[in-house]
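The values are calculated or read from the model by the stated rules, or taken from the named source; none is laboratory data. Quantities reported herein were computed from a predicted structural model and do not represent experimental measurements. Every residue, glycine among them, receives a Cβ derived from its backbone with ideal geometry; neighbour counts consider all protein chains shown. When the accessible area is computed, the model is the full protein with side chains, heavy atoms only, and any ligands, DNA or RNA have been set aside. Shrake-Rupley method; radii C 1.70, N 1.55, O 1.52, S 1.80 Å.
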Amino acid sequence: MAGKGRKPRTLIDTMRTQLWAHQLKQLTHAKSFYELNEKFESFNTNYSSDYANGSTGVNSTTRQLIDQKLKTKYGAESIKASDFYHIGPTVQDEDGEIEFVRFWDALDGPIEGLWDILFWYDFSAELQHELGLAFKVKISLIIARLFNTTEPPSEWLQKDQPNFIAKAYRSGEINVDLRLLTAVIAVWRLANFMKDSVYLADYMMIGLLDKAAEDLLSPLAPKFTEIEKSKKPNKTTKPRKTKEYPSFYSNFIKHLINIDAPKVQKFNEVVDKFNGYIPSRPNLIYNENGRGAFELSKDNGFDYFKASTEGTRVSEYLI
């Protein structure tokens, strides 16, 4: 009996590798991926440029060996490069210590773990959760930091108005960091799973996707164009472009679409299903001779819900 074989790589796998490679380059102060290869040549890591563009996955053995060398040769005692792959990017906490943000869990982890991300961002939400308070209460700190008020202004409900959060970020009225972005992603997935405050969660996500998300994520793994790897770059040799690969940020956007688009499709299918339950009604139709006749027709009465949410979902915004 043939084996199942290796599982196909996902967008998250690709993004993990991209982040790991770019952050490893920064940790070792390598000026190029060619130089990064030289630093770890004993581990046959000549694929660092392929890791950087995400075309090749990095295995667990290589990640572990590089962690060991980072500790012994580069003195990286408090940080492991593999944690970029397993957990996510880093931020500095209030005490100046490096902390890994659970970015991968927020994007692709189990639903149950999303609560832990919310509690990590706002410890009071855990008590509110145990008390059985409303979901909107549990995310009140996030609402306050995005809207600059505990109760969003009524303008956010109007589809023809600019996104309040996007506008506030562009004008410098609110600050957004990786912690807040990660928490909002977790809240967005929770809201969609529970069908609670979905419109608000989508609105917050779209507000951050306008500019803040790209500002935060793109520098973590800048767009990388593969160059000829057979020669060592020098001042007189102009690098030859070979192939463009999706960037870390574009993979992030595609993953969000993959999460959300099926939910939008399901919503529309349910509305169409209930439109089918509406009984036909006789309508008087006059022909060109002026004679009247009754014709059975249906009203799509539930299409109102489609119209009211159209354009408010993350995938619709991104597409």
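Brief remarks follow.
- Where helices (runs of 4 or more DSSP H) fall entirely within segment 30-147, those with at least 3 residues that are surrounded by 17 or more Cβ atoms within 10 Å (Cβ to Cβ) are at 33-39, 48-53, 60-73, 82-86, 103-108, 111-121, 140-147.
- Test: Lys266 is modelled with pLDDT of 95 or more, surrounded by fewer than 17 Cβ atoms within 10 Å (Cβ to Cβ) and within 29 Å of Gln161 (Cβ to Cβ): no
- Residue selected from segment 148-168 under the condition assigned to a helix (DSSP H, G or I), open to solvent by 50 Å² or more (accessible area, probe 1.4 Å) and in contact with a helix residue (DSSP H, G or I) (Cβ under 9 Å, 6 or more places away or on another chain), by the criterion nearest to Thr309 (Cα to Cα): Leu157
- Selection status of Ser124, touching a residue at least 40 places away in the same chain (Cβ under 8 Å), out of contact with any strand residue (DSSP E or B) (no Cβ under 6 Å at 6 or more places or on another chain) and either within 19 Å of Leu27 (Cβ to Cβ) or not basic (Lys, Arg) (or both): no
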